[in-house]
Amino acid sequence: DGGITQSPKYLFRKEGQNVTLSCEQNLNHDAMYWYRQDPGQGLRLIYYSQIVNDFQKGDIAEGYSVSREKKESFPLTVTSAQKNPTAFYLCASSIATGGSSGNTIYFGEGSWLTVV
Amino acid sequence: RKEVEQDPGPFNVPEGATVAFNCTYSNSASQSFFWYRQDCRKEPKLLMSVYSSGNEDGRFTAQLNRASQYISLLIRDSKLSDSATYLCVVPYSSASKIIFGSGTRLSIRP
């Protein structure tokens, strides 16, 4: 079945560690996104990518890094510079970015990151 | 003004009632809009898309008012299973990004 797979679903990070969240899609979508959601809050955009080997900072990119070496993969690294990383992280994809008509965005099941 | 703004709620209504909530947006160039539903601790899932004046799917109706720059979601004959957070989504073509509202919490009581 086509979809977006995120892993791990739950992850615990020690202070000062970098961790990488995986996101893979087999929908043949060009655009991919990472969002962060804090309890009771909306989604905030971390990074997005419109095409392979290109990505753009979102509203809260500090302390995060991404890569887009393959169309189907968009991993997110939460670095030690991110001071408050405990949150729900959602990866998403769409056929294209922005205001294209019919540009539905699809989500993975999310990854819960907790700093211990 | 926020790019996308929603009333956070919570809306607490009895089963069978009709409930409606709005979402305002600031970018007049936006052409398509979406409503997503998010259950607690789950990913958002597409509920409806709105490209012209409106869209209807069973008990759900989404309407677009371009002049006033808002979209609305109407739920008729609400069910207990409608309890969730409803997110308004507005793609911004000029910035090549998609903006989510902070969501409206809906709770249906028996």
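Run the numbers for B:SER53 and B:GLU15: contour at 0.36 nm per residue of separation, minus the present Cα-Cα distance, in nm.
Gain in length upon complete extension: 10.9 nm.
Output the relative contact order of chain B, whole-number percent, from Cα pairs under 8 angstrom with separation of 6+ residues.
37
Just to be sure I understand: with springs between alpha-carbon atoms less than 10 Å apart, which residue in A:ALA31, A:ALA81, A:ALA61 has the highest mean-square fluctuation in the Gaussian network model of chain A?
Evaluated over chain A, the most mobile residue of the options is A:ALA81.
What nm value, rounded to one decimal, do you get for the distance between B:CYS40 and A:VAL52 when each label is placed 7 Å out toward the C-beta?
Each label point lies 7 Å from its Cα, and together they span 4.3 nm.
In chain B, which cysteines lack any other cysteine Cβ under 4.7 Å from their own?
B:CYS40
Tell me, how many Å apart are the Cα centres for region B:62-94 and for region A:46-105?
Result: 25 Å between the Cα centres.
For chain B, set up a GNM with springs between Cα atoms under 10 Å and report which of B:LEU47, B:LEU64, B:LEU73 has the largest fluctuation.
B:LEU47
At 20 °C and a viscosity of 1.002 mPa s, what translational diffusion coefficient does Stokes-Einstein give for chain A, taking Rh as the Kirkwood radius over Cα pairs? Give it in µm²/s as a whole number.
152
With +1 on each Lys and Arg Cβ and -1 on each Asp and Glu Cβ, and nothing else charged, work out how big the dipole of chain A is about its Cα centre, in Debye to the nearest 20.
260
PRE reach from A:SER80 (point 7 Å along Cα→Cβ): which of region A:44-63 fall under 17 Å by backbone N?
What the label zone holds, given the 17 Å backbone N cut-off, is A:63.
Any idea which of A:GLY2, A:HIS29, A:TRP112 is furthest toward the positive side of the dipole for chain A, if Lys and Arg beta-carbons carry +1 and Asp and Glu beta-carbons -1?
With unit charges placed on the Cβ atoms, the residue in question is A:TRP112.
If you take every DSSP beta bridge fully contained in chain B, what fraction is antiparallel? Give it as a percent rounded to 5.
90
Given a Förster distance of 22 angstrom, what is the FRET efficiency for A:GLN17 paired with A:GLU62, based on the Cβ-Cβ distance and rounded to 0.05?
0.80
Can you report the principal axis dimensions of region A:40-104 using only the alpha carbons, biggest first, rounded to whole angstrom?
Largest to smallest, the principal-axis extents are 36, 30, 16 Å.
I need the P(r) histogram for the protein assembly as shown: all alpha carbon pairs, bin width 10 Å from 0 out to the longest distance, whole percents.
Histogramming the protein assembly as shown at 10 Å steps yields 8, 33, 35, 19, 5, 0 percent.
For chain B, give the magnitude of the charge dipole about the Cα centre (Cβ charges: +1 Lys/Arg, -1 Asp/Glu; no others), in debye to the nearest 20.
Dipole about the Cα centre, nearest 20: 180 debye.
Compute for chains B and A the buried accessible surface, both sides summed, probe 1.4 Å, and express it in Å² to the nearest 100.
The buried area between B and A, both sides summed, comes to about 1800 Å².
The values are calculated or read from the model by the stated rules, or taken from the named source; none is laboratory data. A quick note: this is a predicted structure, and the numbers were derived from the prediction, not measured. Counting neighbours? That spans all protein chains shown, and the Cβs are built from the backbone with ideal geometry, glycine included. Surface accessibility is based on the protein's heavy atoms, side chains included, excluding ligands, DNA and RNA. Shrake-Rupley method; radii C 1.70, N 1.55, O 1.52, S 1.80 Å.
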